[in-house]
Amino acid sequence: MKFVSFQTGERRTFGVVRDDRIIELAGRHELPHDLQTGIVEGECFLLRVENILQDVPAELSSYSMDEVKWLPPLPNVKRNIMCVGKNYRDHAIEMGGEQDIPNELMIFTKATNTVVGHEEMVLNHEGVTAELDYEGELAVVIGRRGTRISEEEAMEYVFGYTILNDITARDLQKKHGQFFIGKSLDTTCPIGPYLITKDEVSDPHHLKITTKVNGEIRQSSNTGDMIFFIPEIISTLSKGMTLEPGDIIATGTPAGVGKGFNPPRFLNKGDKVEIEIESLGILTNRLQP
């Protein structure tokens, strides 16, 4: 299923996409009022949605995609987004060299205030940073609470997948000597447009990923080039930390980020960034003019 969260008028709600229309589900037929609660409910939530979609009741509202305001699939993210650093060999090299290829999983986080939806404006943070950079990534959404999860069982804890742009202030990253401030400026984590359930993605480790800036291809890779695959990421994170339904894990970005060019090609005011991942759609955002 292809879940979306959206706003119509002053009302925030969620639904599924079918035949290029959004069918609203929030609060209907004993369903919860938000997608986060549905993820917590787990399989019973998905079964109820499937039953409804077999014979869509006439009273369910539907919308065209151009008449709603897109929200992040999970508009009220509960915990920091967990991000895997340097998870593509070529990206690690472009950021430093062969010595930067990690032997162990690298994790940093982005604060919840960073999250925005598809087509939402990203603040340029003029006066704070002059080096905003894009990073197209596959993101995993956890569907079950768990700790000490084995790699063999890890995929059972996945609810689905979405697209994430890990926008980074490179100058702040360098200045402060760590990732958090440079990764956590307001609006610097666009996510969406859809949350695709895992049953619709046959192999998350074989998806083409492309990032364009103003129509120009900057990143072109495949999730199969990740150094650490999803089962290992989930297992490692959960060894001493309980993962919760709705947790978001960004799996890293391939080569082609702005900092990797010589000279660097950071984002400029008004730039349009499009991230496309096979089977997951296209996430589009503009930098504030």
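The values are calculated or read from the model by the stated rules, or taken from the named source; none is laboratory data. Keep in mind that what you see is a predicted model, and the values were worked out from it rather than measured. Because the Cβ atoms are built from the backbone with ideal geometry, glycine has one as well, and the counts that use them run over all protein chains shown.
Check every one of the helices (runs of 4 or more DSSP H) wholly within the stretch 33-98 and list those with 3 or more residues that are among the charged types (D, E, K, R) and without any contact (Cβ under 8 Å) to a residue 60 or more places away in the chain.
43-54
A quick yes/no check of all residues on (1) at pLDDT 95 or above; (2) not charged (D, E, K, R):
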| residue | (1), (2) |
| --- | --- |
| Gln7 | yes, yes |
| Arg12 | yes, no |
| Val40 | yes, yes |
| Glu50 | no, no |
| Ser62 | no, yes |
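Inspect all residues belonging to the stretch 56-63 and state whether any of them is surrounded by 14 or more Cβ atoms within 10 Å (Cβ to Cβ), on the phi > 0 side of the Ramachandran plot and not assigned by TED's automatic domain parsing to the domain that holds Glu119.
no
Just to be sure I understand, how many residues within the stretch 8-27 are surrounded by 18 or more Cβ atoms within 10 Å (Cβ to Cβ) and either assigned to a loop (DSSP other than H, G, I, E, B) or basic (Lys, Arg) (or both)?
So the count comes out to 2.
Working carefully through the options Ala139, Ala130, Ala154, find the one that is surrounded by 17 or more Cβ atoms within 10 Å (Cβ to Cβ) and in contact with a helix residue (DSSP H, G or I) (Cβ under 8 Å, 6 or more places away or on another chain).
Only one candidate passes the filter, namely Ala154.
For (1) in contact (Cβ under 8 Å) with a residue 12 or more places away in the chain; (2) among the β-branched types (Val, Ile, Thr); (3) out of contact with any His (no Cβ under 7 Å at 6 or more places or on another chain), each residue gets a yes or a no:
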{"position": "Pro231", "(1), (2), (3)": "yes, no, yes"}
{"position": "Ser235", "(1), (2), (3)": "yes, no, yes"}
{"position": "Ser238", "(1), (2), (3)": "yes, no, yes"}
{"position": "Met241", "(1), (2), (3)": "yes, no, yes"}
{"position": "Ala250", "(1), (2), (3)": "yes, no, yes"}
{"position": "Pro263", "(1), (2), (3)": "no, no, yes"}
{"position": "Asn268", "(1), (2), (3)": "yes, no, yes"}
{"position": "Lys272", "(1), (2), (3)": "yes, no, yes"}
{"position": "Leu283", "(1), (2), (3)": "yes, no, no"}
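May I ask you to list the residues in the stretch 103-134 that are among the hydrophobic types (A, V, I, L, M, F, W, C) and outside any loop (DSSP other than H, G, I, E, B)?
Ile107, Phe108, Val115, Val116, Val122, Leu132, listed by residue number.
When you scan the stretch 104-111, do you find a residue that is at pLDDT 95 or above, under 22 Å from the mean Cα position of the chain (by Cα) and buried (at least 21 other Cβ atoms within 10 Å of the Cβ), even just one?
Yes - at least one qualifying residue is present in the stretch 104-111.
Here's the yes/no breakdown for (1) under 20 Å from Ala92 (Cβ atoms); (2) surrounded by fewer than 22 Cβ atoms within 10 Å (Cβ to Cβ); (3) of a type in the set (Asp, Glu):
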residue: Leu185; (1), (2), (3): no, no, no
residue: Leu195; (1), (2), (3): no, no, no
residue: Thr210; (1), (2), (3): yes, yes, no
residue: Thr223; (1), (2), (3): yes, no, no
residue: Ser235; (1), (2), (3): no, yes, no
residue: Thr242; (1), (2), (3): no, yes, no
